[in-house]
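Here it is: the structure, laid out below.
No value in this document is a laboratory result; all are computed from the given coordinates. Bear in mind that the values here come from a model prediction, so they are computed numbers and not experimental data. Here Cβ is always computed from backbone atoms with ideal geometry, including for glycine, and neighbour counts include all displayed protein chains.
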């Protein structure tokens, strides 16, 4: 892999908030000129391939009217340059965290209430978790549990911001959810998150049969779920009965057609360069991005539980979803793939009321009912 | 839909082979300047959306080494301009047919022999078919039948050129295959192909229980299979037990993200403009391209058989595969989606020995064994 994003030799040297804002404005200016992607592309020519001409991406007229309206009225990728800057130190990351997480966390109480779920903070094995419980648990899920691992590039969606997807799963499948508020970047690179998820799972299987537990999440949450499966196998732990792998960040290197084809098309992630590239390096903590403990796509998928994999045609991680699905199928695992027209990375979480999101969580509900004992 | 391809007011006015070659050279020249796509994109700006910068598409390093080697050494989309010209008359189409079909048909006897299948030409209900029979039929398929509908934009792959995919299905699933050499463009627009497929099916179900019949094909073959399902429902015919829908041309209009995101990335189809746009108009025979009899994606999928849908991350029809899969699932049909990293439209047929092709036909074999009674 050729790293494209600019980076400091010391990723944690101190800079000021003013410095971050300066780089933010510079990144915006560069983006308007189309510079970052051209630069990346030049570096890639050595890899063999060909140039694709500039093209216009119209509204996805085969997507739901609601998704089209969201795209038509929402921010376009070229103004989402916040994701294309590279924080240079811990304080820079924490500013980004606050900008991302605070508004999400603020909406949680209203979301929980309107979704007919309760949220309680708790500790399991010393790790903070959120218990998200539907007012009415589905009869088939009375003794079941969904262990939720939130996404956010190992840096975002800590605290209550972890729960919007957990709320959706609890509300739509009417299953009790435990969402792990695992330790994250910038202070806690690999293996902190994996240790926290493992500690919670080990505690849970003391009181719940693993065949009554499902597990998963979106993006880094799905990647971490897969890494946990490889880790559980190594520890000799019994595996859960079913996995939800929403557009999994299962390979932290820039590998896959969709990183190229869907750059600037994906409204959520925009491009690999910037936050994703920087978070990948920081999380890997000196390891290769193709180490299976960092990027579980390079690990052994034999014996993994049945899995539902989801993505969208604009998803920067579409190739990761496709590759995870394929690797699972090749290992003989009953895995199903769902790809939604016009959908960017993980948009089924914030756009919870669009038909695409409802269809995905209806699929997940049916899948959980089929596979949990 | 806004039609982008240039077209004559009389699509069947006569021109010479020299004229075709002139347009071919002109199309090549335009392509080098990047003109056709820019023109199309300009026309689309009214649809709302945004521009995607020029970008480099490297070799898909997560695809099999064999597929990578084929891409590295094969023709790049910018020299496949043959597909971007618009034949102006029947003779023009027939020249293209010969250029496409003759080399494919020529390789069939060798392919059949090395695949341990026999090919016999026959007539069923007055329609020419090819019976493709494996030397050793799988025990579970002794009384089963796969009705194959070849692809080729309703214009290509007539005669023996219909059979390479039929050979693959017969050889890999070890099931007897009947491939329909249905009437095609330019002489026979809609509904000739549908009539031929229907006539063969009606004859077959007189001697075979429908639950012992699978049906399908790739591209126009998959689209025609879906159109046939809607037609069979209207006629009150019992439906087959399972469908194979390889990257289905189920919507002949230019609708879907992949027509934009994967233009020039797909080595097989390159772009909608040219042959595809022209064949769509000619096939529709005056009807709207969104008429469900022309584009079955706009029809009612309730009651359809279980289906396996396949595509690739570079497939110009990826959005069609995704939309067909979604429509089937929304109608409660057990449909499965398989998307292969780095694969262009229908490449699993010509690149029959790459791992991606083997994996797809292994999935299809297992799928047929599960669903045929």
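What are the nm distances, shortest first, from residue B:211 to its equivalents in the other copies, labels at 7 Å along Cα→Cβ?
Output for residue B:211: 2.9 nm, nearest copy listed first.
Okay, next question. FRET efficiency for residue A:94 and residue A:203, Cβ-Cβ distance as r, R0 = 30 Å, nearest 0.05?
Details: r = 29 Å, r/R0 = 0.97.
Rounded to the nearest 0.05, the efficiency is 0.55.
Where both partners of a DSSP beta bridge lie in the protein assembly as shown, what percent of those bridges are antiparallel, to the nearest 5?
Within the protein assembly as shown, antiparallel bridges account for around 40 percent of the total.
Follow-up question, since we're still on this one. Ranking A:69, B:165 by Cβ neighbours within 10 Å, fewest first, what do you get? Could you put the intermediate results ahead of the total?
Values: A:69 13, B:165 29.
Ascending number of Cβ neighbours within 10 Å: A:69, B:165.
Report the Stokes-Einstein translational diffusion coefficient (µm² s⁻¹, integer) for the range A:252-304, Rh taken as the Kirkwood radius over Cα pairs, at 4 °C with viscosity 1.567 mPa s.
Details: Rh = 12.3 Å.
D, rounded to a whole number, is 106 µm²/s.
If you don't mind, there's one more thing I want to ask. Sorted from largest down, what three extents in whole angstroms do the Cα atoms of the range B:65-371 have along their principal axes?
Each principal axis gives a Cα extent; for the range B:65-371 these are 47, 42, 38 Å.
Label-to-label distances across copies for residue A:366, with labels 7 Å out along Cα→Cβ, in nm, shortest first?
Sorted ascending, the copy-to-copy spacings read 2.0 nm.
Would you mind calculating the gained length between residue B:48 and residue B:142 on full extension (0.36 nm times residue separation, minus the Cα-Cα distance), in nm to one decimal?
On the way: separation 94, 0.36 × 94 = 33.84 nm, distance 5.44 nm.
Result: 28.4 nm gained on full extension.
Still on this structure, please answer the following. By count of other Cβ within 10 Å, fewest leading, how are A:169, B:119 ordered? Could you put the intermediate results ahead of the total?
Details: A:169 26, B:119 21.
In order of increasing Cβ crowding within 10 Å: B:119, A:169.
Give the share of C-alpha pairs in each 10 angstrom bin for the protein assembly as shown, from 0 to the last occupied bin, in whole percents, shortest bins first.
Cα pair-distance distribution for the protein assembly as shown, in percent: 3, 15, 24, 25, 18, 10, 4, 0, 0.
Shifting gears a bit: In the range A:256-373, how does Rg compare with the Kirkwood Rh, expressed as the Rg/Rh ratio over alpha carbon atoms? Write down the numbers at each step before the final one.
Numbers: Rg = 15.3 Å, Rh = 15.5 Å.
Over the Cα atoms of the range A:256-373, Rg/Rh equals 0.99.
Counting helices only, and only those DSSP H runs with n ≥ 4, report the 222 nm mean residue ellipticity of chain A as the sum of -39,500 (n - 2.57) divided by its residues, in deg cm²/dmol to the nearest 500.
The helix contribution divided over chain A gives -12500 deg cm²/dmol.
Another one. Above 20 Å lies some portion of the pair distances; for the range B:126-230, what is it as a whole percent of all C-alpha pairs?
On the way: 1773 of 5460 pairs.
Above the 20 Å cut-off, the range B:126-230 has 32 percent of its Cα pairs.
Also, I was wondering about something else. Comparing A:231, A:345, A:150, which has the greatest mean-square fluctuation in the GNM of chain A with Cα pairs linked when under 10 Å apart?
The residue with the greatest mean-square fluctuation here is A:231.
When a footprinting reagent is the concern and you count Cβ atoms within 10 Å, what order do B:131, A:329, B:314 take, fewest first? Numbers along the way, then the final one.
Working: B:131 18, A:329 22, B:314 29.
Neighbour counts put them in this order, fewest first: B:131, A:329, B:314.
Could you give, in nm with one decimal, how far residue B:236 is from each other copy of that position, shortest first, with labels 7 Å out from Cα toward Cβ?
Ordered by increasing distance: 6.7 nm.
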